[in-house]
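Notes to accompany the following structure.
The values are calculated or read from the model by the stated rules, or taken from the named source; none is laboratory data. Since we're looking at a predicted model, the values are computed, not measured. All Cβ positions, glycine included, derive from the backbone under ideal geometry; neighbour counts span all protein chains shown. Each accessible area value is taken on the protein alone, full model and side chains, heavy atoms only, with ligands, DNA and RNA left out. Shrake-Rupley method; radii C 1.70, N 1.55, O 1.52, S 1.80 Å.
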Amino acid sequence: MTFLVVRVRSDINVRHDIKKTMHSLNLTKVNHAVLVPNRPEILGMLTKAKDYITWGEPSKETIESLIRERGKLMGDVPITDDLIKESTEFKGIGSLADALLSGGAEVKSVPNMKRVFRLHPPVSYTHLTLPTKRIV
């Protein structure tokens, strides 16, 4: 099983041990995401930094879309099915997502793949006025 971990707060005025824990998880900036295995030492790190990160068990579709849209190789080369097929034993991004979800592989099993997925910040729609439906 794998967890998707996203950093949601900065490390200003944070204790040094928590800051070091987030850096150990490769979460150096806000809106960075990583896939980590479900192991006791990782769970301890997650609970230590719980006020600055969020995590959960992703679905196969989430992992697959994360790799397709946000996955990069060194040099900012986008990841494709052909690159996965050439450099690993997986048939494509879908089979890699299955292996990551089941715990049979880790992100570092793909050579030269960046372990951090840079996400867009969340969007607030409070400034938009939505049409209201009148109930008679």
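Some observations on this one:
- For LYS114, the residues whose modelled amide H falls within less than 5 Å of its own, excluding neighbours fewer than 5 places apart on the same chain, are LYS72, LEU73, MET74.
- Expected 222 nm ellipticity per residue - DSSP helices of 4 or more, -39500 (n - 2.57), all of the chain, to 500: -9500 deg cm²/dmol
- Length-normalised contact order of the chain in % [C-alpha pairs under 8 Å, at least 6 apart]: 29
- The chain, dipole about Cα centre (Lys/Arg Cβ +1, Asp/Glu Cβ -1), debye to the nearest 20: 640
- Each Lys and Arg contributes +1 and each Asp and Glu -1, all at the Cβ; summed about the Cα centre of segment 1-46, the dipole is approximately 120 debye.
- FRET efficiency, HIS16 to LYS72 (Cβ-Cβ, R0 35 Å, nearest 0.05): 0.70
- Taking all protein chains together, ILE12, ILE53 sort by accessible area into ILE12, ILE53, largest first [probe 1.4 Å].
- Of the solvent-accessible surface of the chain, computed with a 1.4 Å probe over protein heavy atoms with every protein chain present, carbon and sulfur atoms account for 54 percent.
- The overall shape of segment 15-117, judged from the alpha-carbon gyration tensor, is prolate: a/c is not under 1.5, and a/b is greater than b/c.
- Base-10 log of normalised Debye intensity for segment 1-53 (one unit scatterer per alpha-carbon) at q = 0.21, 0.32 Å⁻¹: -0.67, -1.50
- Accessible surface, the chain, averaged per residue in Å² (probe 1.4 Å): 65
- Distance from segment 97-122 to segment 16-71 (C-alpha centre basis), Å: 11
- Taking every protein chain into account, the 1.4 Å probe leaves GLU89 with about 150 Å² of accessible area, to the nearest ten.
- Simple label model, 7 Å out from Cα along Cβ direction - ASN26 to LYS50, nm: 2.5
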